[in-house]
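Presented below is the structure to which this report refers.
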């Protein structure tokens with residue numbers, strides 16, 4: 001069943017007890033928490049995802065979020081993220097429980113899913129071709145990703161690009177899109193279809209909220225995509241939206257440096273990364289207006305394969 | 001084989017299986033490496049001349065230092081074991 005088919009009270013009850021089992025992309029999760037904002041966030045953002053009784057299904061990752069102690073429920077309340085009953089992080093303020101779940105789930109995948117080369121990058125798809133968007137914080141990556149998926153592109157992931165080491169294809173993991181600070185009103189103004197949950201303020205990243213992934217992206221979450229482009233977005237005031245070719249060797253080095261497990265994979269990481277670069281065209285992309293950016297991406301995706309070669 | 005090298009256009013990336021490090025070879029460094037690999041025993045002057053021809057550079061006063069820097073870099077990486 002889908003999470004949206006559960007009543008809110010059932011969800012809260014199961015989360016507080018044995019937990020709920022949920023599938024996101026290739027991973028199954030067991031989530032436990034007594035914190036109302038965690039249940040609220042799941043209802044808001046994961047309605048289209050498959051859930052089961054946690055007692056009946058195997059889970060890849062067992063996580064929980066709760067107050068560290070009874071005292072910390074009342075005095076400067078905090079929340080702990082537990083993975084297999086271990087504490088990988090220091091506690092955060094209680095009202096950051098939901099973003100902590102998202103960050104913790106990213107950590108679970110990036111630290112353990114070594115069947116993939118995992119690149120810190122957003123990735124989206126249209127017409128069977130995927131665009132990988134690696135970029136440092138502040139580049140406008142998440143804003144661009146949100147704008148594109150609200151304009152018909154399929155969300156594969158907002159943070160973690162999973163390259164299947166056997167096939168070279170990109171495995172979707174279409175969880176909510178993380179939006180920070182000014183990105184939140186920008187996306188709210190961009191599309192009335194955007195559902196963004198309640199923001200958490202004063203986090204390490206400023207104000208953070210998450211956008212619900214499109215229903216179609218979740219429905220196709222088991223459908224891999226062919227990599228076609230690596231595009232480095234950079235928001236720049238007054239810039240005209242423009243793609244410019246960039247060095248493939250330097251792109252490969254950037255991806256290696258920004259992969260979570262490139263070093264861990266050794267020579268196979270090099271093989272997978274160079275095969276990826278063999279398959280894609282590489283660009284820098286500057287933009288200031290989201291609608292112009294979407295038009296440039298649409299043009300890129302709509303050209304025929306023969307025409308696409310001219311961009312390379 | 002210790003090194004895996006992949007060329008892209010006029011640059012390359014090199015993976016060192018001994019250290020696990022990955023290196024970027026800029027156009028001049030890659031040209032020096034390929035020239036030395038194909039012509040072992042080439043003199044310094046001939047190497048500079050060949051690199052200048054391949055990259056359409058003038059054999060100006062800076063080129064010897066640039067080629068020396070590239071040789072040092074290849075030596076540091078371990079792609080060249082002798083000079």
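The table below gives the values:
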| item | result |
| --- | --- |
| Selected residue (only one of B:5, B:55 is at pLDDT 95 or above and within 30 Å of residue A:270 (Cα to Cα)) | B:5 |
| Cβ pairs under 6 Å, 6+ apart, first in segment A:13-40 and surrounded by fewer than 19 Cβ atoms within 10 Å (Cβ to Cβ), second assigned to a loop (DSSP other than H, G, I, E, B) | A:16/A:34; A:18/A:54; A:18/A:55; A:28/A:59; A:28/A:60 |
| Residue in segment B:56-75 that is free of Cβ contacts under 8 Å to residues at least 60 places away in the same chain and within 14 Å of chain A (Cβ to nearest Cβ) present | no |
| Count of segment B:1-22 residues which are surrounded by 17 or more Cβ atoms within 10 Å (Cβ to Cβ) and either over 17 Å from residue B:34 (Cβ atoms) or within 7 Å of chain A (Cβ to nearest Cβ) (or both) | 8 |
| Scan of segment A:201-219 for residues that are within 14 Å of residue A:183 (Cβ to Cβ) and crowded, with 21+ Cβ neighbours inside 10 Å, ordered by number | A:208, A:209, A:210, A:211 |
| Selection status of residue A:55, at pLDDT below 95, surrounded by fewer than 15 Cβ atoms within 10 Å (Cβ to Cβ) and on the phi > 0 side of the Ramachandran plot | no |
| Elements of type helices (runs of 4 or more DSSP H) in segment A:186-285, at least 1 residues being within 14 Å of chain B (Cβ to nearest Cβ) | A:248-257, A:262-265, A:267-279 |
| Any hit, segment A:229-251, residues being at pLDDT 95 or above, touching a helix residue (DSSP H, G or I) at 6+ places or on another chain (Cβ under 8 Å) and farther than 29 Å from residue B:24 by Cα | yes |
| Unmet criterion (only one of (1) surrounded by fewer than 24 Cβ atoms within 10 Å (Cβ to Cβ); (2) in contact with a helix residue (DSSP H, G or I) (Cβ under 8 Å, 6 or more places away or on another chain); (3) free of Cβ contacts under 8 Å to residues at least 40 places away in the same chain) for residue A:185 | (2) |
| Filtered residue count, segment A:58-87, keeping only those that are modelled with pLDDT of 95 or more, in contact with a helix residue (DSSP H, G or I) (Cβ under 7 Å, 6 or more places away or on another chain) and surrounded by fewer than 18 Cβ atoms within 10 Å (Cβ to Cβ) | 0 |
| Failed item, numbered, when residue A:147 is tested on (1) under 24 Å from residue A:272 (Cβ atoms); (2) in contact (Cβ under 8 Å) with a residue 40 or more places away in the chain; (3) in contact with a helix residue (DSSP H, G or I) (Cβ under 7 Å, 6 or more places away or on another chain) | (1) |
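The values are calculated or read from the model by the stated rules, or taken from the named source; none is laboratory data. Model, not experiment: these values are computed from the prediction. Glycine gets a Cβ as well: all are built from the backbone with ideal geometry, and neighbour counts include every protein chain shown.
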